[in-house]
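Coordinate-derived values only; no laboratory data. Owing to the predicted nature of the structure, the values given are computational and were not obtained by experimental measurement. Positions of Cβ are backbone-derived with ideal geometry, glycine not excepted, and every protein chain shown enters the neighbour counts.
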Amino acid sequence: MIFIGGIGPRRKKLEGQPRICSNCGLSQAYLVRTDDYLSLFFIPIFRIRKGQSFVECERCGHIADETGKVYAAGTDLQAIRCHRCGETLEKGFNYCPHCGAER
Ligand SMILES: [Zn+2]
Ligand SMILES: [Zn+2]
């Protein structure tokens, strides 16, 4: 039998009700969290690590934290890159919103 498994990030929607996006003004922003899951045969089995929750707009991709504080990409000169996925990581996040890696 061949064992196909691994650890990967999974985006989870924490709220069904959308919030108003502070960038585009449409109510298409959702509270989400990126967790690390152990998966077997591409099916997530259980959560390995809990990420940080944040608000992401499905329309424009704008990201803010739960309190509505804005982490606009490109405006923060101290923004760093994620060591795992290479996406820009705004300061204030303890976890990468893209892949869930700890910074
Ligand atoms: Zn938006
Ligand atoms: Zn990342």
*With +1 on each Lys and Arg Cβ and -1 on each Asp and Glu Cβ, how big is the dipole of region 5-89 about its Cα centre, in debye rounded to the nearest 20?*
240
*In nm, spacing of pseudo-spin labels at I7 and I20 (7 Å Cα→C-beta vector)*: 4.1
*Positive minus negative residues near E58 (Lys, Arg vs Asp, Glu; Cβ under 12 Å)*: +3
_Which log10 I(q)/I(0) values does region 5-89 give at q = 0.19 Å⁻¹ under the Debye formula, counting every alpha carbon as one identical point scatterer?_
-0.93
